[in-house]
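Down below is the structure, laid out as structure tokens.
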Amino acid sequence: MKIKGIYVGLCLFTGMIFNACKTLDTNLSIQKKTLPPSFYKVSDSSEISKINWRDYFNDPILSGLIDTALVNNHDLNIAIQKIEIARAGVTNAKASLIPQVNAGTNGGIRRFGRYTMDGAGNIATEMTPGRIVPINLPDIFLGFQASWEIDLWKKLKSKQKSAINQFLASAEGAKGVTASLVSDIATSYYELLALDHELEIIQQTIQRQKDALETIKLKKETGRTNELAVQQFQAQLLNTQAIEKELLQQIVEFENRINFLLGRFPQKVERVKEILLADVPSQIKTGLPSQLLENRPDIREAELLLEASKFDLKSAKAAFLPSMNLVAGLGFQAFKPEFLFLAPASITYQALGGLMTPLINRNALKANFSYAKANQLSAMHHYQKSILTGYTEVMNQLSALENLKNLHVLKKEQNSVLNTSVDMSTELFSTGRASYLEVLLAQQNSLQAKFELINVNKRQHIAAVNLYKALGGGW
């Protein structure tokens, strides 16, 4: 009857725990956004993200810079070590599922009070014939001890699955760092090429302005103009020379930015500036929006972290349920070393099993569950945000490429017209049919137009880089 009563009590107690756990909801959800069927224009199933970055950029110098960065970049190496950290977490989670067995030895001495059950019994007990158990009793143990938590409710299994998803997420994170690194180097590279072109334009302009200043000085000496014209031409030359110094400083900074990404100290960056004038592909295959879920590392990382958060929540819920632990030991035990290996007299063993359930002061478990619940909801929102971010980035770069293509045509035509206006104003000034202010204005407008044309070329190449990254390429 006692055993039956204990069994009924355990059943009722376990039922109370399960009813309490029903209030711990793990079925969480948020509003999901459905990806549109296509991008800016009609999409196809082929995609540039599948193209290796060496083939996409088709520039041996740029490829060499990226290769160096993939070996030496500190951020990438940190991301790789995070993978190893996550891998260790998986190993640790797996180890918790199997029994822990330890081998060792320990020794000590005990003294029982005389007016205790053990003390009163020992004082009249013979340890060996004719020898009473001593008051100070040595104790030596040599053997094995084992412990094992049986995963009744898959709490430990959920932790293992969470660790595996975090490991996979860290690998996707490293891919994301690689894609960003490739993109950053390419962007800085095209920025540097644009500065080289601007510097060349400025230096050519300085030489022409110097010649124009000498011409205006001669005209002053012959009385065909005045000192004000000389000062205006000289001020324009000084302003252009100041721009040259600013460009030289920007070139140094962008070279050092590239060197930093490459993990090396400042040095000259090899390049050929004519690469910037190469045409950007007019037709870029984007693939389908749904392929972003497979190709973009940041979206895949967010998805895996979301899966990890689901298992963390399950593990947090299982912590409220009873846990079963088994403890066992086997070895030799004696009060003197010479008796330690006398079998079977010195052989000792134990086996113990226990079922424990948290009952009072479960605030720590509740806090852990609330944390896991909030973490999963946060991961859901982050995943939806990453999808929206990816689609928006692709749309922005597709629009940029199309508009920059049209802008390039206009700027090229404008540049041609203003170059003609400079020649014409100079010729009219030499015959006295135009003022020096008209010459200065024509030169200033032409210089600005040349800079804007170089800037459009640069922005086209950078938009192509950003689209490649936005579609999930580069890693």
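Data for the structure
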{"quantity": "Checking Ser399 against (1) modelled with pLDDT under 95; (2) out of contact with any helix residue (DSSP H, G or I) (no Cβ under 8 Å at 6 or more places or on another chain); (3) open to solvent by 50 Å² or more (accessible area, probe 1.4 Å); (4) assigned to a helix (DSSP H, G or I), the condition it does not meet", "calculated": "(3)"}
{"quantity": "Selection from the stretch 53-112 of residues that are assigned to a loop (DSSP other than H, G, I, E, B), open to solvent by less than 50 Å² (accessible area, probe 1.4 Å) and touching a Gly at 6+ places or on another chain (Cβ under 7 Å)", "calculated": "Asn73"}
{"quantity": "Criterion: without any contact (Cβ under 8 Å) to a residue 60 or more places away in the chain and closer than 30 Å to Leu293 by Cβ - qualifying residue of Thr392, Thr420, Thr431", "calculated": "Thr392"}
{"quantity": "The stretch 116-134 - residue that is surrounded by 10 or more Cβ atoms within 10 Å (Cβ to Cβ) and in a helix (DSSP H, G or I) and, of those, nearest to the chain's Cα centre (by Cα)", "calculated": "Asp118"}
{"quantity": "Residue identified as farther than 30 Å from Gln209 by Cα and in a helix (DSSP H, G or I) among Asn419, Asn368, Asn415, Asn361", "calculated": "Asn368"}
{"quantity": "Search result, residues across the stretch 236-263 that are within 30 Å of Leu437 (Cβ to Cβ) and out of contact with any helix residue (DSSP H, G or I) (no Cβ under 8 Å at 6 or more places or on another chain)", "calculated": "Leu238, Asn239, Ala242, Lys245, Glu246"}
{"quantity": "Residue satisfying all of: in the stretch 343-358; among the small types (Gly, Ala, Ser) and over 14 Å from Met324 (Cβ atoms); nearest to the chain's Cα centre (by Cα) among these", "calculated": "Ser346"}
{"quantity": "Identity of the residue in the stretch 444-463, open to solvent by 10 Å² or more (accessible area, probe 1.4 Å) and among the hydrophobic types (A, V, I, L, M, F, W, C), that ends up farthest from the chain's Cα centre (by Cα)", "calculated": "Leu447"}
{"quantity": "Matching option when the condition is touching a strand residue (DSSP E or B) at 6+ places or on another chain (Cβ under 9 Å) and either assigned to a helix (DSSP H, G or I) or among the small types (Gly, Ala, Ser) (or both), among Leu142, Leu137, Leu152, Leu156", "calculated": "Leu156"}
{"quantity": "Residue in the stretch 213-223 that is over 44 Å from the mean Cα position of the chain (by Cα) and in a loop (DSSP other than H, G, I, E, B) present", "calculated": "yes"}
{"quantity": "Exclusive hit being assigned to a helix (DSSP H, G or I), buried (at least 16 other Cβ atoms within 10 Å of the Cβ) and in contact with a strand residue (DSSP E or B) (Cβ under 8 Å, 6 or more places away or on another chain), set Gln291, Gln236", "calculated": "Gln291"}
{"quantity": "Residue that is surrounded by fewer than 14 Cβ atoms within 10 Å (Cβ to Cβ), under 17 Å from Leu24 (Cα atoms) and among the hydrophobic types (A, V, I, L, M, F, W, C), where the choices are Leu359, Leu377, Leu365, Leu352", "calculated": "Leu359"}
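The values are calculated or read from the model by the stated rules, or taken from the named source; none is laboratory data. Note that the structure is predicted; figures quoted are calculated from it, not measured. No Cβ is skipped: glycine too gets one built from the backbone with ideal geometry, and neighbour counts run over all protein chains shown. Keep in mind that these areas ignore ligands, DNA and RNA; they rest on the heavy atoms of the full protein, side chains included. Shrake-Rupley method; radii C 1.70, N 1.55, O 1.52, S 1.80 Å.
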